[in-house]
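Colleague: This is the structure I have questions about; it appears just below.
The values are calculated or read from the model by the stated rules, or taken from the named source; none is laboratory data. Computed from a prediction, not measured in an experiment: that's the story for all the values here. Because the Cβ atoms are built from the backbone with ideal geometry, glycine has one as well, and the counts that use them run over all protein chains shown.
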């Protein structure tokens, strides 16, 4: 992994727990390009494992927005106004611009553009654990997997959709390293190989130097100073040659430098290069980490759009913390804080995609690991509930402006059209031009068993096609 530090943000000094790393660098300016999920493999090592062949020209991509902790389906997308008070909660539904579709009153922007997204109200196979694994792979974490493990969706995209541009890694992540590690792990490529692992560009703290290539004296503001960057690499290479702790650093150094010094990646990450009026649409990020969850970096929704526009094929990100049982995390007060910012950020992203003509090519999914209990607990909050969950889908040329599935009158479980995580991924793959079961998209695992992006018998959601 290669780590580049940004300049110290003086405004973060003394601002409380988690605002700065222990070495004095601000979280906002921390950029990590490499394989955090790969046990410390360096960028040039990753590039050297296997070169991607047949670089494609498609602009199709996926943005996977993960809400850590289990957002409440009943309070956001599947309100039950006729249920008893202990079930329906404090919020009222409002009508959208799609006849018959209603969502929570705290999502007015999304309500005005419901024709541009679809709601799945009947996700039925949530694993039940506090983990983003199922939202990244489609598989339950405890199920028996192939030798090497199940790949993430981003790894499948990297393997089968190929790369648009050698300067932009196809599988990117904006997954903050959270206190609950399972909320911030972008996970790996499994049997597809480490060359398809995600490049995670954000983190919580610097790892030990033995796991990093730290370019001393090079920060984000000097990223495009290619001569200085090359000199830093040369210094690092000399140190490695002496210590002999890493072999083969030179073999793919030029290609690694090509990615790291090409302006496209740096420009895509730099919101100062975006129209300020567009950035303002998304709302103002709150950099403080939410206890053991992620920060409210709503501007990363815009960064994700910029990355896929620059050529990335898949971007996963985690946003805030949605596990509210009571105490200082009471469900309804927190919802009143969180929902409006999410409403602004997601509606801005969907608007952006349509305005830029990307709505046919870029698919967006937003979800959490499970829903919340229909019955409100004694702390005026909701607990974990894997029997019912919800997701939002937009873009990708899908037939939006509809609700798929239905839960029973108390939101306890699907009553009609249960949907599985893998069906959602099959739909996203279909939007990318990746077949769920065709022989050309078959890959053999380490034991020689043929594997496909989704299990046999799992198909895309036909209502969306």
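Colleague: So residue 145 passes all but one of these: (1) farther than 25 Å from residue 287 by Cβ; (2) in contact with a helix residue (DSSP H, G or I) (Cβ under 8 Å, 6 or more places away or on another chain); (3) not in a loop (DSSP other than H, G, I, E, B). Which condition number does it fail?
Modeller: (3)
Colleague: Just to be sure I understand, how many residues within the range 148-181 are over 28 Å from residue 386 (Cα atoms), assigned to a loop (DSSP other than H, G, I, E, B) and modelled with pLDDT of 90 or more?
Modeller: The total comes to 2.
Colleague: Also: Of all residues in the range 134-153 being surrounded by fewer than 22 Cβ atoms within 10 Å (Cβ to Cβ) and touching a residue at least 40 places away in the same chain (Cβ under 8 Å), which is nearest to residue 63 (Cα to Cα)?
Modeller: Taking the candidates together, the pick is 149.
Yes/no matrix, rows are residues, columns are (1) at pLDDT 95 or above; (2) surrounded by fewer than 19 Cβ atoms within 10 Å (Cβ to Cβ); (3) touching a helix residue (DSSP H, G or I) at 6+ places or on another chain (Cβ under 9 Å):
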{"residue": "57", "(1), (2), (3)": "no, yes, no"}
{"residue": "62", "(1), (2), (3)": "yes, no, yes"}
{"residue": "66", "(1), (2), (3)": "yes, no, yes"}
{"residue": "69", "(1), (2), (3)": "yes, no, yes"}
{"residue": "76", "(1), (2), (3)": "yes, no, yes"}
{"residue": "81", "(1), (2), (3)": "yes, yes, yes"}
{"residue": "104", "(1), (2), (3)": "yes, no, yes"}
{"residue": "113", "(1), (2), (3)": "yes, no, yes"}
{"residue": "117", "(1), (2), (3)": "yes, no, yes"}
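Colleague: Mind listing whichever residues of the range 176-187 are surrounded by 24 or more Cβ atoms within 10 Å (Cβ to Cβ) and under 16 Å from residue 314 (Cα atoms)?
Modeller: 186, 187
Colleague: Hey, another quick one. Might you check whether a residue that is closer than 22 Å to residue 174 by Cβ, under 24 Å from the mean Cα position of the chain (by Cα) and assigned to a loop (DSSP other than H, G, I, E, B) occurs anywhere in the range 71-82?
Modeller: Yes, the range 71-82 contains a residue that is closer than 22 Å to residue 174 by Cβ, under 24 Å from the mean Cα position of the chain (by Cα) and assigned to a loop (DSSP other than H, G, I, E, B).
Colleague: I would also like to ask the following. Only one of these conditions is not met by residue 120: (1) outside any strand (DSSP E or B); (2) within 29 Å of residue 295 (Cβ to Cβ); (3) touching a residue at least 60 places away in the same chain (Cβ under 8 Å). Which number is it?
Modeller: (1)
Colleague: Take the range 409-447 and flag every residue that is free of Cβ contacts under 8 Å to residues at least 60 places away in the same chain, more than 18 Å from residue 145 (Cα to Cα) and exposed (fewer than 15 other Cβ atoms within 10 Å of the Cβ).
Modeller: 438, 439, 440
Colleague: Could you grab me the full set of residues in the range 326-336 that are at pLDDT 95 or above and touching a strand residue (DSSP E or B) at 6+ places or on another chain (Cβ under 9 Å)?
Modeller: Result: 335, single match.
Colleague: In the range 393-406, is there at least one residue being over 30 Å from residue 456 (Cα atoms) and in contact (Cβ under 8 Å) with a residue 12 or more places away in the chain?
Modeller: Taking every residue of the range 393-406 in turn, none turns out to be over 30 Å from residue 456 (Cα atoms) and in contact (Cβ under 8 Å) with a residue 12 or more places away in the chain.
Colleague: State which residue is nearest to the chain's Cα centre (by Cα) when the search covers only the range 438-465 and only residues that are assigned to a helix (DSSP H, G or I) and modelled with pLDDT of 95 or more.
Modeller: 464
Colleague: Exactly one condition in (1) in contact with a helix residue (DSSP H, G or I) (Cβ under 9 Å, 6 or more places away or on another chain); (2) under 27 Å from residue 322 (Cβ atoms); (3) part of a helix (DSSP H, G or I) is not met by residue 426; state its number.
Modeller: (1) is the only condition that residue 426 fails.
For (1) at pLDDT below 95; (2) crowded, with 21+ Cβ neighbours inside 10 Å; (3) not in a helix (DSSP H, G or I), each residue gets a yes or a no:
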| site | (1), (2), (3) |
| --- | --- |
| 316 | no, yes, yes |
| 323 | no, yes, yes |
| 347 | no, yes, no |
| 359 | no, yes, yes |
| 374 | no, yes, yes |
| 377 | no, no, yes |
| 387 | no, no, yes |
| 397 | no, no, yes |
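Colleague: Is it the case that residue 454 is out of contact with any strand residue (DSSP E or B) (no Cβ under 9 Å at 6 or more places or on another chain) and crowded, with 22+ Cβ neighbours inside 10 Å?
Modeller: Judged against the criteria, residue 454 is a match.
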